[in-house]
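Undergrad: This is the structure, below, for whatever I ask next.
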Amino acid sequence: MLLTIVADYGTGDLAFAEVRQRLALLLPEADVTAIPVPPFDTVSAGFCVAQLAFGEGPADRVIYANVAPRQDSDAPRAGNAGERLVACRLRTGVLVVGVAAGASMSFLAEAGLPLRAVRVPDAGSQFRSRDVFPGAVAALARGDASLLGPEVTVAAPPPRSVVYVDGYGNLKTSWYDAPADVGARVRVDIGGRQVVAVVSDGVFAVPDGQMSFAPGSSGWPTGDGRHRACYELFARGASAAELFGHPGAGTPVQILAG
């Protein structure tokens, strides 16, 4: 069993080790890996969850996502309460369990997957992903459907926005169609910074020193049976993230006339 943790603890943080240790106790047969996203970044978390869930891999894999900024209410939180835990199982057998905060589970819902509440306390610890949730993750991974409650709805993911910044500085977006004909030069505005990009059918289809806006390596099936490719901004020989001032996930991507 492959179990991937998507969380905002930080690369090499003690929290990842503690959660992994707890899951190793409850699911000793699992090969546990960890994917960090920026603090409170539910958009990047949701993107990673969808990409991993819909991508190729073993059918018995589990994705456990916990980015919980506790922004569902501005009131004081008794018992460190936060957003609820939800789960869904894909037709392929992949199990996703995650906190329904912000856009963390939104890309799955947008693809037509039903999300169900998990009957587990949403309070009781500041560190729920270590102290409260792993037991439910383990039970669900072993097929215990008694923990599943009613379906829940979540907010839609941000349209036409940055959804993830990879290690090369490429900006993956929730643009899924070309904004202009292939070969057209457009001005891309992200957070007030504008850079010229070439609309292309492949990220490397521009000479060194130029930026392309093209369908990249990320994407997944849609509810109607088609495949959705995420367009990304790729600066050949440079970092698109740096050129745009390191925008965070969720920042709108506007395409202007060249």
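Values quoted throughout were computed directly from the atomic coordinates according to the rules given, and no laboratory measurement underlies them. Owing to the predicted nature of the structure, the values given are computational and were not obtained by experimental measurement. Ideal geometry is used to build each Cβ from the backbone, glycine not excepted, and the neighbour counts take in all protein chains shown.
Undergrad: Considering every pair of different Cα atoms, what Kirkwood radius, in Å, is found for segment 162-257?
TA: 13.1
Undergrad: Would you mind computing the Rg to Rh ratio of the chain from its alpha-carbon coordinates, Kirkwood style for Rh?
TA: Computed over Cα atoms, the ratio is 1.00.
Undergrad: When only C-alpha pairs under 8 Å and at least 6 residues apart count, what is the relative contact order of the chain, in percent?
TA: Computed over the chain, the figure is 16 percent.
Undergrad: Report the charge-dipole magnitude of segment 162-257 in Debye, nearest 20, computed about the Cα centre from +1 at each Lys and Arg Cβ and -1 at each Asp and Glu Cβ.
TA: For segment 162-257, the charge dipole is close to 100 debye.
Undergrad: When the helix-only estimate is applied to the chain (DSSP H runs of n ≥ 4, each -39,500 (n - 2.57), divided by the residue count), what is the mean residue ellipticity at 222 nm, nearest 500 deg cm²/dmol?
TA: So the calculated ellipticity at 222 nm is -5000 deg cm²/dmol.
Undergrad: Let me ask something else. Grab the Cα-Cα distance for residue 185 and residue 59, subtract it from 0.36 nm times how many residues apart they are, and report the gain in nm with one decimal.
TA: Taking 0.36 nm per residue and subtracting the Cα distance, the gain is 41.2 nm.
Undergrad: Could you tell me what % of all Cα pairs in segment 2-152 have separations over 23 Å?
TA: Details: 3079 of 11325 pairs.
Pairs farther apart than 23 Å: 27 percent.
Undergrad: Same structure again: Among bridges DSSP assigns within the chain, what percent are antiparallel (round to 5)?
TA: Details: 35 of 52 bridges.
Around 65 percent antiparallel, to the nearest 5.
Undergrad: Please report the net charge: other residues with Cβ closer than 12 Å to the Cβ of residue 93, K and R +1, D and E -1.
TA: On the way: positive: 61, 89, 91; negative: 60.
Computed value for this residue: +2.
Undergrad: Within a Cβ distance under 13 Å of residue 107, other residues only, what is the Lys/Arg minus Asp/Glu net charge?
TA: +1
Undergrad: Which residue, chosen from 149, 33, 53, occupies the Cα position most advanced towards the positive end of the dipole of segment 2-152, where the dipole is computed from +1 (Lys, Arg) and -1 (Asp, Glu) charges on Cβ about the Cα centre?
TA: 149
Undergrad: So, one more: Just need the relative contact order of segment 162-257 here, percent rounded to a whole number, with Cα pairs under 8 Å and 6+ apart.
TA: With pairs under 8 Å counted, the relative contact order is 36 percent.
Undergrad: In the neighborhood of residue 24, defined by Cβ-to-Cβ distances under 14 Å, what is the net charge if each Lys or Arg adds +1 and each Asp or Glu adds -1?
TA: Summing Lys and Arg as +1 and Asp and Glu as -1 gives 0.
Undergrad: Additional query: Nothing charged except the Cβ atoms of Lys and Arg (+1) and of Asp and Glu (-1): what's the magnitude of the dipole of the chain about its Cα centre? Round to the nearest 20 debye.
TA: That gives a dipole near 280 debye.
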